[in-house]
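The structure under discussion appears below in the form of structure tokens.
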Amino acid sequence: MKANTRGVLQMTLAMVISGTVGWPVIALGQPATTVVFWRCAFGALAMLIACALLGLLKKDMLTRRQAAMAVLGGMALVLNWTLLFGAYSHASIAVATVTYHVQPFMLVGLGVLLFGEKLTANKLGWLLLAFGGMLLIITGRPSANGSGSDYFIGVLLALGAAFMYAVAAAIVKGLKTVPPHLIVLIQLSVGVIVLAPFAGLAHLPSTANVWLLLATIGLVHTGLMSSLLYSAIQKIPTSLVGALSFIYPLVAIIVDWAVFGHHLSLMQLLGAAAILIAAAGMNFGWRVIRAGKTARTADGQ
């Protein structure tokens, strides 16, 4: 099997796994801090084994500054997961996941503020489309989906998760020379330490089913998914990574409908489509307005 084909399969499987994470999170019925703690604990164990096998557990693998940056990124990542998992029970898996996908635009904003990147008219156009999609999602809640305030809290939690992801991604941009598996190990270890006081460790899960779900989130949705993702990124072009990443929200929407019976309203569907199209436009560099096309045609006559 060619490396490119293998990379596509790995990326696809990674995104399918990501899209199903809301299922065990909801099934557990545990506080978000508890679920994220065990995700970090089991995930750190998996990444520790992976780093050992790859020979990454050496003192000279990163500097103190890089270690400090990885720790900060870990705190942002832990907040990201905690807020996202909290959003599931308020707004539904589908709405939370689609809302979460406004994070490319938050990353653009951080790029402008922190790295002096330019906000082009084209990026601004996609940003406005995504914002319009957000408004449709916020106002398109079916009346059967609980109280309006609870739903709005879920959307805000998902937006907070997106911002924390953008912060983590911005920090990782400064760690280009550090192996990604080692970064994830540090981040997950930070999660274990930070969340330990809030994980309810005095009352450990008492059933095998709960332990199985927690282990699945940590080993499959974190350890295995991360390994597949990083391996795929090394084999396929960035544009293909961006294209296949849209499998994640689509799978989440299907899981939310098939398992929990949550149907998106027409306005929510339109809002979801607007956000995903805007994110695709950002990833692939699509032009909102093909400026100059008419002028070029006139010049050629």
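Since every read-out is calculated from the coordinates, none of them should be taken as a lab result. As the structure is a prediction and not an experimental result, all values here were calculated from the model. Here Cβ is always computed from backbone atoms with ideal geometry, including for glycine, and neighbour counts include all displayed protein chains.
Fewest to most neighbouring Cβ within 10 Å: what's the order for 185, 57, 45?
Ascending Cβ contact count within 10 Å gives the list 57, 45, 185.
Just name one of 91, 36, 13: the one whose Cα is farthest towards the positive end of the charge dipole of the chain (beta-carbon charges, Lys/Arg +1, Asp/Glu -1).
13
Would you mind ranking 126, 257 so that the residue whose beta carbon has the fewest other beta carbons within 10 Å leads the list?
Listed from fewest to most nearby Cβ atoms, that is 257, 126.
Between segment 1-22 and segment 87-106, how far is it from one alpha carbon centroid to the other, in angstrom?
A separation of 21 Å, based on Cα centres.
Which of 26, 67, 132 sits closest to the plus end of the dipole of the chain, meaning its Cα is farthest towards the positive end, when Lys and Arg get +1 and Asp and Glu get -1 on the C-beta?
The one lying farthest along the dipole's positive direction is 67.
List, in order, the whole-Hz ³J(HN,Hα) value for each residue of segment 152-160 obtained from phi through the Karplus relation with A = 6.51, B = -1.76, C = 1.60 and θ = phi - 60°; use x for Gly and Pro.
Running phi through 6.51 cos²θ - 1.76 cosθ + 1.60 with θ = phi - 60° gives 5, 4, x, 5, 5, 4, 5, 5, x Hz.
Which far-off residues, 5 or more places away or on another chain, put their amide H under 5 Å from the one on residue 262, with H placed in the peptide plane?
Amide H neighbours of residue 262, under 5 Å, 5+ apart: 257.
Ignoring everything except DSSP H segments at least 4 long, calculate the 222 nm mean residue ellipticity for the chain; use -39,500 (n - 2.57) per segment, divide by total residues, nearest 500.
After summing the helix terms and dividing by residue count, I get -24000 deg cm²/dmol.
In debye to the nearest 20, how big a dipole does the chain give about its Cα centre with +1 on each Lys and Arg Cβ and -1 on each Asp and Glu Cβ?
It works out to roughly 920 debye.
Taking every Cα atom in segment 112-242, find the radius of gyration and the maximum pairwise distance Dmax, and write them in Å.
Taking only Cα atoms of segment 112-242, I get Rg and Dmax of 19.4, 55 Å.
Could you tell me which residue out of 155, 210, 169 lies farthest along the dipole of segment 3-288 toward its positive end? Charges go on the beta carbon: Lys and Arg +1, Asp and Glu -1, centred on the Cα centre.
169
Normalising by the residue count of segment 3-288, find the relative contact order in percent from Cα pairs under 8 Å and 6+ residues apart.
44
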